[in-house]
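Asks: Let me give you the structure first, and then I'll get to my questions.
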Amino acid sequence: APERRKRVMVLMSDTGGGHRASAEALQAGFEQLYGNDFQVDYVDVWTNHTPYPFNQLPKTYSFMVRNSLMWRIGYYGQQPRFIHVPTQTVSSLFVSKQVAEAFDQYQPDLVVSVHPLMQLVPLRVLRQQARRGKRKPVPFATVVTDLTTCHNTWFHPLVDRCFVPTLYCKRSAMKNGLKEEQITVHGLPIRPAFSRNLASKQQLRKRLGLDQKLPIVLLVGGGEGMGAIEKTLEALDERVGGACQVVAICGRNKALIERLSNRSFSGGLRVKVRGFVTNMAEWMTACDTIITKAGPGTIAEALICGLPIILNGFIPCQEEGNVPFVVDNKVGLFERKPAAIAAILQRWLTSDEAEYNSFAERAREIGSRWKGALLRIVVDLAIMCDSALEIEAIKADAQRALVQCTAS
Ligand code: UDP
């Protein structure tokens with residue numbers, strides 16, 4: 001009989017868009033490198049495998065993060081280990097039966113968490129199952145999807161590996177008791193569509209129904225369509241009007257989509273409104289710049305596409321560090337006020353091409369270093385699942401080096 005495909009279970013949650021995008025990236029990365037050898041399932045454990053009221057938690061996220069003070073209290077309140085370890089341990093008493101059933105259903109050979117609240121509880125359940133002889137110990141990896149500021153719940157000393165995007169995150173991991181040999185810095189796992197050769201900018205503009213000549217601005221607010229999207233459009237209309245086109249991607253914010261679809265702009269600004277799109281790589285490639293909140297996924301994707309970034313806000317706490325990341329790396333600017341954002345764009349479009357070009361070049365430079373992150377993470381995960389693959393990876397590396405050697 002054919003050997004069973006190895007199964008990788010990715011624990012994610014549909015809070016924002018970043019965790020899902022990372023889970024999708026891992027799934028696509030495994031398929032790209034190993035074809036059919038792995039089955040990768042991503043599972044929203046809190047929503048689908050915990051009882052009420054725990055299964056409602058992800059739904060409250062969008063509301064919570066919009067209330068800055070409440071979110072800060074919740075976030076910092078749970079930051080110390082002596083608080084969040086007992087809190088999560090108590091929750092696990094209520095949810096562990098269903099979480100255990102999820103593991104029985106998916107039969108993972110490797111568990112990968114891409115969410116800060118999916119370390120302690122699943123690790124505890126897996127250990128319980130191993131102790132009771134229900135299953136062999138399953139290797140567990142965390143893939144951190146924040147870029148700079150990370151909540152302490154991301155880091156659990158009992159994970160086998162923890163993949164972080166930056167040295168800053170590595171230091172946070174070590175402060176939380178992880179040892180250097182548990183931590184690997186590869187970058188963020190970005191969906192392969194961003195590293196593939198897509199159609200040209202002009203072709204994509206045609207396909208997406210965009211203007212062929214005007215500069216195009218992409219305006220997004222993460223998976224939930226957050227931030228002052230409408231006010232920014234009004235300011236751009238007033239200041240730039242018909243001199244550029246804007247693509248407003250509203251994510252899952254249905255009210256905003258409806259409002260924007262039913263209004264026009266008196267200054268002649270041309271606006272294309274979209275809800276949650278699944279081809280973000282195409283939209284980014286077709287556009288010339290991006291206005292966004294400081295979401296780690298969106299920032300990394302924009303860098304890969306070489307887009308100068310205007311950050312117009314951040315989710316309190318976990319996205320705060322991403323602002324200096326963008327500004328200090330000279331790939332963009334931070335400006336909250338819609339009128340000031342419109343002024344920056346007007347400057348870029350009319351007088352200061354040099355600033356725009358230097359941001360774009362730096363973005364491409366940093367982005368190109370991150371293109372390979374996903375596959376590097378996937379190779380390491382695959383080896384955790386099947387150590388025989390290590391020798392394959394070494395052979396492939398040697399072969400690549402040889403090809404490079406003979407080519408140069
Ligand atoms: N995204 C998407 N379609 C949309 C809106 C967002 O695919 O319509 C993706 C976006 O490309 C990024 C992720 O959702 O990969 C958003 O992640 P980020 O970390 O920027 O912010 P979050 O929404 O998680 O706060």
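Asks: Report the charge-dipole magnitude of the chain in Debye, nearest 20, computed about the Cα centre from +1 at each Lys and Arg Cβ and -1 at each Asp and Glu Cβ.
Replies: Rounded to the nearest 20 debye, it is 580 debye.
Asks: A follow-up question, please. Have a look at A235, A173, A396 and tell me which one the Gaussian network model of the chain (Cα, springs below 10 Å) gives the largest fluctuation.
Replies: Looking only at A235, A173, A396, the biggest GNM fluctuation is shown by A396.
Asks: Let me ask you something else. Return the lysines within reach of K337: Cα separation strictly under 16 angstrom, same-chain partners fewer than 8 residues apart disregarded; answer none if there are no such residues.
Replies: K231, K293
Asks: Right, next: Just to confirm my numbers, what's the Cα centroid distance between the range 115-170 and the range 280-294 in Å?
Replies: Between the Cα centres of the range 115-170 and the range 280-294 lies a distance of 31 Å.
Asks: Using helices alone, what [θ] at 222 nm do you get for the chain, with -39,500 (n - 2.57) per DSSP H run of 4 or more residues, divided over all residues and rounded to the nearest 500?
Replies: Numbers: 17 runs with 201 residues, N = 408.
The per-residue figure over the chain is -15000 deg cm²/dmol.
Asks: Another question, then. Please name which of P165, L11, I366 has its Cα lying farthest along the dipole of the chain towards the positive end, using unit charges on Cβ (Lys, Arg +1; Asp, Glu -1) and the Cα centre as origin.
Replies: L11
Asks: Which one of S91, P137, M118 is farthest out on the positive end of the charge dipole of the range 86-147, using unit charges on Cβ (Lys, Arg +1; Asp, Glu -1) and the Cα centre as origin?
Replies: Of the listed residues, the answer is P137.
Asks: Sticking with this structure for a sec: So which trypsin sites (Lys or Arg not before Pro) in the range 180-254 pass both tests, a DSSP loop state and at most 13 other Cβ atoms within 10 Å of the Cβ?
Replies: Answer in residue order: R196, K213.
Asks: Each residue of the range 8-19 in order: what ³J(HN,Hα) in whole Hz does its phi give by Karplus 6.51 cos²θ - 1.76 cosθ + 1.60, θ = phi - 60°, with x for Gly and Pro?
Replies: After applying 6.51 cos²θ - 1.76 cosθ + 1.60, I find 10, 10, 9, 8, 10, 8, 7, 9, x, x, x, 5 Hz.
Asks: Evaluate E = 1/(1 + (r/R0)^6) for Y52 and Q105, where r is the Cβ-Cβ distance and R0 equals 30 Å; express this FRET efficiency to the nearest 0.05.
Replies: 0.95
Asks: Can you sort T232, T184, T406, T145 by how many other beta carbons sit within 10 Å, fewest first?
Replies: T406, T184, T232, T145
Asks: A further question on this structure: Can you figure out the FRET efficiency of Y61 with R369, using R₀ = 51 Å and their beta-carbon distance, to the nearest 0.05?
Replies: Rounded to the nearest 0.05, the efficiency is 0.95.
Asks: Could you work out the percent of alpha carbon pairs in the chain separated by over 26 Å, rounded to a whole number?
Replies: Every Cα pair in the chain considered, those over 26 Å come to 56 percent.
Asks: Is the range 41-97 best put as rounded, prolate or oblate by its Cα gyration tensor, with a ≥ b ≥ c the root eigenvalues, rounded for a/c under 1.5, and otherwise prolate when a/b is larger than b/c, oblate when not?
Replies: Values: a/c = 2.28, a/b = 1.23, b/c = 1.86.
Oblate, since a/c reaches 1.5 and b/c is not below a/b.
Asks: With a/c under 1.5 counting as rounded, go ahead and sort the range 319-408 into rounded, prolate or oblate using the C-alpha gyration tensor (a ≥ b ≥ c being the square roots of the eigenvalues; past the cut-off, prolate if a/b is larger than b/c, else oblate).
Replies: oblate
Asks: A further question follows. Starting from the Cα gyration tensor of the range 7-138, take the square roots of the eigenvalues, sort them a ≥ b ≥ c, and report rounded, prolate or oblate (rounded when a/c is under 1.5, otherwise prolate if a/b is larger than b/c, else oblate).
Replies: It is oblate, given that a/c is not under 1.5 and a/b is not larger than b/c.
Asks: To the nearest 0.05, how large is the calculated FRET efficiency for Y76 and T406 if R₀ is 35 Å and r is the Cβ-Cβ distance?
Replies: On the way: r = 56 Å, r/R0 = 1.59.
After rounding, the FRET efficiency stands at 0.05.
Every read-out reported here was derived from the displayed coordinates using simple, explicitly stated rules and does not represent laboratory data. Only a predicted model underlies this, so the values are computations on that prediction, with no experimental measurement involved. All Cβ positions, even for glycine, are placed from backbone atoms using ideal geometry, and neighbour counts span all protein chains on display.
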